[in-house]
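J.: This structure is in structure tokens; I'll ask about it shortly.
What follows is calculated from the coordinates using simple rules that are stated; it is not laboratory data. In this text the structure is predicted, and so the values were computed from the model without any measurement. Please note: Cβ atoms are built from the backbone with ideal geometry, for glycine as well, and neighbour counts cover all protein chains shown.
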Amino acid sequence: MSLLFSRDDKSIKLAEHLFTTGKKLPLEFWEEGFYVHPSSYLADYQVFRPHLAHVQTRMKEWRPAGLSDLATKGYVDRMGWFTGIFGLAGGIIGVLSLVTSIAQIVLAVGAWKHPVPAPV
Amino acid sequence: MKSVKAAIMIDDDTSSDSEDSESSRTEITLLDRPIAAKLHKALYGSSSNYSLGFDTDWSPDRVSSNPTLGVSPFDYVSSVQTFPMVWSEDFVVNEVWAERKKGGYSSSVVGKANKPPLAAVVMDMIDLVEFLKSIASEEPKKLVEWTKEFVQRTQLRSVLISGEEADVDWAARGYIADMFSIVACVSCTSAKPPSLVCGQDERQHDRIPWAHQIKLPGSGVLLPNPPPVSLRALEPSNPVLELKASYVDSGPFKFKRTRHLDKHLTFNHDGQKIRLFQYWGSEIPKERLPKYASIRIYQDHALRRFIFNLNS
């Protein structure tokens, strides 16, 4: 628990939301005998080492399975995901500007062919 | 024994994630209090401060002189530490003494017509606790090997076996394995008492009995099915810095709480939610036993380090 929830405010908030639906976490959450100061290596987690390794593996292996998953950030190569999203946004803007340009040209040609007489 | 009635646990609610609630036994069997106290002492040393609940010579005057310990002579005080005593009583009444139409309970071990007294079973249980304490720093072995060694080394009070290999083996993986489930508080986070079926006669020829599947010292008792992972992923030098709740939650996986320790840090059925064990619950009720024994049962438990396989 300490590994997951004690290292930043956002994680503590998440724990409050998950376990106490927004209320303050009970003292037992912090004082329970199973609480240890989180360390950085699997070596320090004897009982749940396979479980933690399994979660890590699943996180590394996660890939989008469908179109809807494309909007979800994976855990590996987030830079690639951001680049992809940025590129997609750029592409959409490009396509929109192309459509706008075409519409502008069509309107301009229409206006050239059928000029509106100037008011007298 | 002071008083004997049939013992039945009435609470069989299986809802997994509901809040703790109180439960009570409609009828009780009373284990002799000094023996109950011995079992308690073997499991928890002198950590408890409610010895009055175990006094043999209970009288209304004694309770009224100490109203905070208002315990009737027919039940235990409200503490998770009394669950092993309750389970022991239920084990003897519902299994060892049970008369079934189809198959009995370890009839070649505990007898068919004449069953051992409750006190004898519990005294053997105390010996088992002492034996387990004595092997706590040994190299891990299968539970059945330990229980077999226990049967061979100890003069048991509740069994009739001759000492033949087949009898010893059956007692070790059946009857004694069930005793182990009680003293080790197996499935203490479940809403149900430990499953005490290893010793049922119909299971005598099980090909892979439970006691063959777990090793001790080790956490297999509480976490029987660790997820399959590669040796590379298990490298102790692997960093775990990315396992921060906020980081995990920012991706496709979310968290879900569970009341079952064996499901801690496992994925749910759709593979998108990581279950986290909530080890605390509501307050322990003042007068009756809580519904769940909960992980709190291991606080000061003599076998705690043994079954969690904690080296330091």
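J.: Under the definition of partner shielding as Cβ atoms of other protein chains within 10 Å of a residue Cβ, what is the mean value for peptide A:43-49?
T.: Mean number of neighbouring Cβ atoms from other chains: 6.
J.: Going by C-beta contacts inside 10 Å, put A:L98, B:L216 in order with the fewest on the left. Working shown, then result.
T.: On the way: A:L98 10, B:L216 25.
Lowest to highest Cβ neighbour count: A:L98, B:L216.
J.: How many nm separate the modelled label positions at B:D206 and B:E99, each set 7 Å beyond the Cα in the direction of the Cβ?
T.: 2.7 nm
J.: Which order do the peptides B:293-300, B:114-121 come out in when sorted by mean C-beta neighbours inside 10 angstrom, highest first?
T.: B:293-300, B:114-121
J.: Another one. Fewest first, what order do B:I135, B:I274, A:I105 take by the number of other Cβ atoms within 10 Å?
T.: A:I105, B:I135, B:I274
J.: Quick check on packing: order A:110-116, A:83-89, B:246-252 by the mean number of other C-beta atoms within 10 Å, highest mean leading.
T.: Final packing ranking: B:246-252, A:83-89, A:110-116.
J.: Among B:142-153, A:71-82, what's the highest-first ranking by average C-beta atoms within 10 angstrom per residue?
T.: Packing order, densest peptide first, comes out as B:142-153, A:71-82.
J.: Something else now. Amide H of B:T266 versus every other amide H placed in the peptide plane: which residues, excluding those fewer than 5 positions away on the same chain, fall under 5 Å?
T.: B:R275
J.: Taking H placed 1.01 Å from N in the peptide plane, check which residues at least 5 places from B:Y105 or on another chain put their amide H under 5 Å from its amide H.
T.: Excluding prolines and chain starts, which carry no amide H, the hits are B:D201.
J.: In addition: Give me the distance in nm between label points sitting 7 Å out from Cα along the Cα-to-Cβ direction at A:A71 and B:Q272, one decimal.
T.: Between A:A71 and B:Q272, the label points sit 1.2 nm apart.
J.: Same structure, new question: Report, ordered by chain and residue number, the lysines lying within cross-link reach of B:K244, taken as a straight Cα distance under 24 Å and ignoring same-chain residues fewer than 8 apart.
T.: The reachable lysines, counting only those whose Cα sits under 24 Å from B:K244, are A:K10, A:K13, A:K23, A:K24, A:K60, A:K73, B:K254, B:K256, B:K263, B:K273.
J.: 222 nm [θ] for chain A, helices only, -39500 (n - 2.57) per DSSP H run of 4+, per residue, to 500? Before the final figure, lay out each step's value.
T.: On the way: 5 runs with 70 residues, N = 120.
That comes out to -19000 deg cm²/dmol.
J.: Take peptide B:264-276, look around each residue's Cβ out to 10 angstrom, count Cβ atoms belonging to other protein chains, and average those counts.
T.: Per residue, the number of nearby Cβ atoms from other chains is 3 on average.
J.: Taking the Cβ-Cβ separation of A:S97 and A:Q46 as r and a Förster radius of 45 Å, what is the calculated FRET efficiency to the nearest 0.05?
T.: Numbers: r = 58 Å, r/R0 = 1.30.
For R0 = 45 Å, the calculated efficiency reads 0.15.
J.: Which order results if B:V109, B:V229 are arranged by neighbouring Cβ count within 10 Å, fewest first?
T.: Fewest-to-most ranking of B:V109, B:V229: B:V229, B:V109.
J.: About the Cα centre of chain A, how large is the charge dipole given +1 on each Lys and Arg Cβ and -1 on each Asp and Glu Cβ? Please answer in debye to the nearest 20.
T.: The calculated dipole for chain A is roughly 440 debye.
J.: OK, next. Could you give me the ³J(HN,Hα) list for segment A:104-109, computed from phi with Karplus coefficients 6.51, -1.76, 1.60 and θ = phi - 60°, whole Hz, x at Gly and Pro?
T.: Along segment A:104-109, the couplings run 5, 5, 4, 5, 5, 4 Hz.
J.: If you don't mind, another one. Please list, or write none, the lysines whose alpha carbon is within less than 20 Å of the alpha carbon of B:K38, excluding same-chain residues fewer than 8 places away.
T.: Partners found: B:K2, B:K133.
J.: May I ask you to derive the FRET efficiency for B:A136 and A:R63 from their Cβ-Cβ distance with R0 = 30 Å, giving the value to the nearest 0.05?
T.: So, using R0 = 30 Å, E works out to roughly 0.10.
J.: Per residue of A:11-17, count partner chain C-beta atoms within 10 Å of its C-beta, then hand back the mean as an integer. The partial results should precede the final answer.
T.: Values: counts 6, 2, 2, 7, 4, 0, 2.
Mean inter-chain Cβ contacts per residue within 10 Å come to 3.
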